[in-house]
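To start, the structure under review is shown below, and the notes come after it.
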Amino acid sequence: MLVVEGLEVERRGLKLKVDRLVSSRVTVILGRNGSGKTTLLRTIAGYIKPRRGVITLNGRDITNLPPAERGVGYMPQHPVRLPFKPRDAIQYFAKVFKVNPEPVIDKMCLEPILRKERLSGGEGQILALAILLLRGAGLLLLDEPTTGLDFPNSVNFWNLVKSLNIPMVYVTHSPVEAASVGDEIYLVENGILKGPFENKLRNRIEEMVEELNLYKKMAGEVEWSRLD
Amino acid sequence: MSGFMKTAIVALAGVYVAVLYLPPLFYQRLTLPPDPFTSLANTALAASAASLLAFPLAVLLGFYIAARGLAAILPFLMFATAIPHIAVGLMLLPLFIALNLVDTWPAVILTMMFVSLPLGVGSIASGLSTSVKSLDEFLTSLGVGELSNVWIHLRAMGVGGAVSFLLMWLRAFSELGALLIVGNRPPTVGVYMFELFQSSGAETSVPYALIVATIGIAFSGLLYIISWRRG
């Protein structure tokens, strides 16, 4: 469980204040552009030093630890492009972490992706997520992971994230994404974190997402009346 | 761009080459220098050794500058590109005298390393795309070791790494100023050409310059093809 208490960060004119953030499930940080979401995530990941406050993960104070020793897996805002073929990437990192990649490959149904030579943006993000899982991090930090993905790929990614059942802090500016993914939602506004709010929209949003998936409908997978 | 502009620009490039190439070809008294190839081979060998030795350093420095916000060290490396390289040679001279290296292979190679390193660092730093920060943060949070991290970034540069290496090699190959001070022997292209001109005038040094220029065009063409294939 991640607990952030009394955190204050000041960076490039942006002030961010967090009284308390607790995450043990899929916790979404929702906020507009420039509100400080990424700053908060990078502070938890260890790339920004806070002015004050304490960050603990599973009871261990990680506030002053370097990123590599925090036991978190961080997926940055810009898509990670790994210079390997997909299967080589998984095998390389499995070797680095000295783990068997098969359980992660099975859990994430990665085999079709691993057979490819080149990946689309969405597939690349899924591969990056798989590598974070290989590491066996206690907490995942995902910074707008579906930025640049089309709607069907975003929906696939959301479904995958929900199926993993791993504690994570998931940053987004999209209320639809927040409601679709999050077990609980925090809101960052004017540099202040508010929440948690219970995600009461979950069931409704899943229906709405299905309803909004015009790609699926117009491809004929779902009934959709055509104008003639 | 209109067809006229394209034609005009191609013509301008043609004039640039013609101004350099045609007058020497019409020069009346041209004879090949006595041994045009030894200095070329010396230079190619020394430039290869210097680039191979300096490239890993350039990769490390370029990575830290691009990914870890150490751009402040760049002026301390790049200043050598803004001054006549005779000054670099003069600054290296006391050290090489102390080490008894003046006019030796190590002097030539070390000098080439000094002059090609800044270009390699700059090229690597700019070649690591804007996504370097995200890839670096992804890898460090995974606990990937520093050297593995740098290696993955070099792989991510792909052909850009080869381009940087070739740029360093060309910079080392073309060095004259510093070598005139600390590394006259074994003779390299610039030194040999300079000595030819001083001893025999234009008659033998001009054809040699044409040979060297043609090699330069070939390597620049190679650089272009690699960059073009990279997209």
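A few comments on the model shown:
- Qualifying residue in segment B:161-183 (condition: acidic (Asp, Glu), open to solvent by 60 Å² or more (accessible area, probe 1.4 Å), farther than 30 Å from residue A:67 by Cα and more than 14 Å from chain A (Cβ to nearest Cβ)): no
- In segment B:103-134, the residue that is farthest from the other protein chains (Cβ to nearest Cβ) out of those that are without any contact (Cβ under 8 Å) to a residue 60 or more places away in the chain and open to solvent by less than 20 Å² (accessible area, probe 1.4 Å) is B:118.
- Here residue B:194 meets each of (1) in contact with a Leu (Cβ under 8 Å, 6 or more places away or on another chain); (2) without any contact (Cβ under 8 Å) to a residue 40 or more places away in the chain; (3) open to solvent by less than 40 Å² (accessible area, probe 1.4 Å) with one exception, condition (3).
- For segment A:186-210, a residue qualifies if it is open to solvent by 20 Å² or more (accessible area, probe 1.4 Å), touching a Ser or Thr at 6+ places or on another chain (Cβ under 8 Å) and assigned to a helix (DSSP H, G or I), and the qualifying residues are A:202, A:206.
- Scanning segment A:109-150 for residues that are part of a loop (DSSP other than H, G, I, E, B), modelled with pLDDT of 85 or more, closer than 19 Å to residue A:94 by Cβ and open to solvent by less than 30 Å² (accessible area, probe 1.4 Å) returns a single hit, A:110.
- Whichever residue in segment A:94-108 is within 12 Å of chain B (Cβ to nearest Cβ) and among the basic types (Lys, Arg) and, among such residues, is surrounded by the fewest Cβ atoms within 10 Å (Cβ to Cβ): A:98
- Count of residues meeting criterion [outside any loop (DSSP other than H, G, I, E, B) and either in contact (Cβ under 8 Å) with a residue 40 or more places away in the chain or in contact with a helix residue (DSSP H, G or I) (Cβ under 6 Å, 6 or more places away or on another chain) (or both)] in segment A:94-108: 4
- All told, residue A:55 falls short of being at pLDDT 95 or above and under 18 Å from the mean Cα position of the chain (by Cα).
- Taken over segment B:9-64, the criterion of being in contact with a Phe, Trp or Tyr (Cβ under 9 Å, 6 or more places away or on another chain), aliphatic (A, V, I, L, M) and open to solvent by 40 Å² or more (accessible area, probe 1.4 Å) is satisfied by B:32, B:45, B:52.
- Selection from segment A:61-93 of residues that are charged (D, E, K, R), within 17 Å of residue A:41 (Cβ to Cβ) and at pLDDT below 90: none
- Residue B:139 modelled with pLDDT of 90 or more and buried (at least 24 other Cβ atoms within 10 Å of the Cβ): yes
- Selected residue (criterion: surrounded by the fewest Cβ atoms within 10 Å (Cβ to Cβ)) from residues of segment A:151-185 that are part of a loop (DSSP other than H, G, I, E, B) and of a type outside the set (Ser, Thr, Tyr): A:165
- Helices (runs of 4 or more DSSP H) lying entirely in segment B:106-188 (those with 1 or more residues that are among the basic types (Lys, Arg)): B:132-141, B:146-157, B:159-173
- Screening residue B:217 against (1) in contact with a helix residue (DSSP H, G or I) (Cβ under 7 Å, 6 or more places away or on another chain); (2) away from chain A (no Cβ under 14 Å); (3) among the aliphatic types (A, V, I, L, M) leaves a single unmet condition, (1).
The values are calculated or read from the model by the stated rules, or taken from the named source; none is laboratory data. Note that the coordinates shown come from a computational prediction; the quantities given were computed from them, not determined experimentally. Glycine also receives a Cβ, built like all others from the backbone with ideal geometry; neighbour counts cover every protein chain displayed. To get the accessible areas, we keep the full protein, side chains included, count just its heavy atoms, and leave off ligands, DNA and RNA. Shrake-Rupley method; radii C 1.70, N 1.55, O 1.52, S 1.80 Å.
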